[in-house]
Amino acid sequence: MDWFDLHAFITVARERSISKASQKLHVSQPTLTARLKKLEQEVEVSLLERNWNGIKLNEHGALFLLQAIKIKQEMNDSIAFLKKLNQVCREEDQVASSESSRERTKLKIGVSRPLSSSFLTPILQEINRSYPLLRYDVLSELSSCILDMVAVGEMDIGIVPFTEERPDLVQVPIYKDEMVLLGPKQDSEPIDRLLENRDGLMNKPFILYHARSHLRKLTDLILLKLWDGSMPRDIQEVNDLNVLLNMISSGMGYTILPASYVVHYRSEASAPFQMLKLGPLFPIRMIHLVYSNVYQNNRAIRDIADTISSPYKKMG
């Protein structure tokens, strides 16, 4: 799979026609068809349905299109950034060199999405209190991206729901992340009573992360355990934490999330929804702080790592 394959797939999805897409791409129809077949072979699923109306995406194709568009946009953003950086370097070489030197003194911290929206504030407050002169950059990204960037030295410290043993990383557990049942405050029945009456809860609408996410796999395990192998009858999917929480607080349904996603609500009274921890009988994940094993004997990095993890170690 290469850049052209992704671009060709997006173009075919947009034009809904091999002939129109081939004209846009300036390639022959047989060449475009061959590239699409090659792409489907590489991902090992069919992506397109062909009929007399033209081309349309099947279920796998629709999911892949979203990822392809994201990859293309990120690549375009990276190219634009590098071009801009190159221009600055040519025009102001001496200043750029000085700025680059200062940038390297910054600490680079990566926080897993969507953990960053709620979990990060106590950590940054602790850094500012303990190291008032320390400058840092924060990147919110997918866990896999953060782990790889930490491993190759492009990021100093990562905070992730870590589940993979990697010899190139030092892993420090900092927070036992229990799962929490959330429900609308508008519901007349308290959430703990609903959990006892599991049949009643099963008939409620549930709003969950999309089926391809790692969190959804954990959520499904919990739901299956709640109802002895059955799932709620009404499930809606989202891929954004803020959208999900807004839907719950607006009375649209129930959900199950890690406690870290709502840790900024100190109590149920301060939250716009009901909350109930499910407890240790249900799957729990551990949030880790990670840094490269190259820094294993670096006192400064280890001290900063201890400072970053301290707010949640105190909670645990």
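A few comments on the model shown:
- Cα pair distances in segment 190-246, grouped into 10 Å bins until the bin that holds the longest one, percent each: 22, 53, 25, 0
- Accessible-area composition of the chain, carbon plus sulfur, in percent [1.4 Å probe]: 52 percent
- When you filter the GluC sites (Glu not before Pro) in segment 118-174 for DSSP loop state and at most 14 other Cβ atoms inside 10 Å of their Cβ, you are left with GLU154, GLU164, GLU165.
- Distant alpha-carbon pairs in segment 139-255 (separation over 23 angstrom), percent: 43 percent
- Where the chain is the region considered: accessible area per residue in Å², 1.4 Å probe: 57 Å²
- In sequence order, segment 212-223 has phi-based couplings of 8, 7, 5, 4, 5, 4, 5, 4, 4, 4, 5, 4 Hz under the Karplus curve 6.51 cos²θ - 1.76 cosθ + 1.60, θ = phi - 60°, and Gly or Pro positions carry x.
- Normalised by the number of residues in segment 100-209, the mean separation of alpha-carbon contacts (under 8 Å, six or more apart) gives a relative contact order of 27 percent.
- Taking all C-alpha pairs of the chain, those more than 36 Å from each other amount to 37 percent.
- With Cα atoms as the point set, segment 197-290 shows a radius of gyration and Dmax of 13.3, 42 Å.
- Of all lysines in the structure, those lying under 17 Å Cα to Cα from LYS56, and not within fewer than 8 positions of it along the same chain, are LYS20, LYS37.
The values are calculated or read from the model by the stated rules, or taken from the named source; none is laboratory data. Everything quoted here is computed from the prediction, not taken from an experiment. Virtual Cβ from ideal backbone geometry, glycine too; neighbours counted across all protein chains shown. Heads up: the accessible areas ignore ligands, DNA and RNA and are worked out on the full protein's heavy atoms, side chains in. Shrake-Rupley method; radii C 1.70, N 1.55, O 1.52, S 1.80 Å.
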